[in-house]
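What follows is one structure encoded as structure tokens, with my remarks underneath.
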Amino acid sequence: FKAFIALLDNYERHTGIAEKVTAQEQRENDAFLNAVMSTPVMQYAHKWLKAQGLADANPIKFKRQLHQLWFELYKRGGRVEDSCGFEHVFVGEVSKDKKTGGDKVRRGC
């Protein structure tokens with residue numbers, strides 16, 4: 001939980017403002033990935049995804065795949081890289097004063 005909580009202040013919630021990933025934030029991303037990769041749940045998920053042909057058998061390559069899916073920045077319709085999967089799902093974002101993503105997850109919608 002500590003590794004997860006450390007990530008929550010790493011994001012600019014308003015879309016359209018470029019995200020800047022600091023060296024400290026990158027270390028926090030890596031610590032989170034290391035923590036989740038060591039859990040039985042993620043080990044099972046990796047095994048299942050391998051069986052489906054959706055993940056590399058090598059755990060290091062799978063971790064890189066997770067990093068790409070969760071933490072690599074992308075553009076949400078604008079000109080700047082202002083979002084990532086982790087931010088959208090677990091933190092939430094504000095676009096044109098409308099909350100999207102994580103806020104709905106926290107409210108159970």
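The values are calculated or read from the model by the stated rules, or taken from the named source; none is laboratory data. Keep in mind that this is a model prediction, so the values were computed, not measured. Using ideal geometry, Cβ is built from the backbone for each residue, glycine included, and neighbour counts are taken over all protein chains shown. In case anyone asks, the SASA skips ligands and DNA or RNA and just uses the protein heavy atoms, side chains included. Shrake-Rupley method; radii C 1.70, N 1.55, O 1.52, S 1.80 Å.
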> Does the stretch 42-49 include one or more residues that are small (Gly, Ala, Ser) and at pLDDT 95 or above?
Replying inline: yes
> Is there any pair with a first residue in the stretch 56-85 that is buried (at least 16 other Cβ atoms within 10 Å of the Cβ) and a second that is aromatic (Phe, Trp, Tyr) whose Cβ atoms are under 7 Å apart and which are 6 or more apart or on different chains, and what are they?
Replying inline: Trp70/Phe86; Phe71/Phe86; Ser83/Tyr74; Cys84/Trp70; Cys84/Phe71; Cys84/Tyr74; Gly85/Trp70
>> For a quick check of your reading of the model, give me the residue pairs whose first member lies in the stretch 1-14 and is surrounded by 14 or more Cβ atoms within 10 Å (Cβ to Cβ), whose second is in a loop (DSSP other than H, G, I, E, B) and among the β-branched types (Val, Ile, Thr), with beta-carbon atoms closer than 8 Å and at least 6 apart or on different chains.
In response: Asn10/Val21
> Which one of these does Thr100 not meet: (1) under 18 Å from Asn10 (Cα atoms); (2) modelled with pLDDT of 70 or more; (3) of a type in the set (S, T, N, Q)?
Replying inline: (2)
> If the Cβ limit is 9 Å and pairs must be 6+ apart or interchain, which residue in the stretch 25-42 that is in contact (Cβ under 8 Å) with a residue 24 or more places away in the chain and open to solvent by less than 60 Å² (accessible area, probe 1.4 Å) pairs with which residue that is polar (S, T, N, Q) and assigned to a helix (DSSP H, G or I)?
Replying inline: Met37/Gln43
>> Whether any residue in the stretch 1-16 is within 27 Å of Ser95 (Cβ to Cβ), in a loop (DSSP other than H, G, I, E, B) and either more than 17 Å from the chain's Cα centre (by Cα) or modelled with pLDDT of 95 or more (or both) is what I want to check.
In response: yes
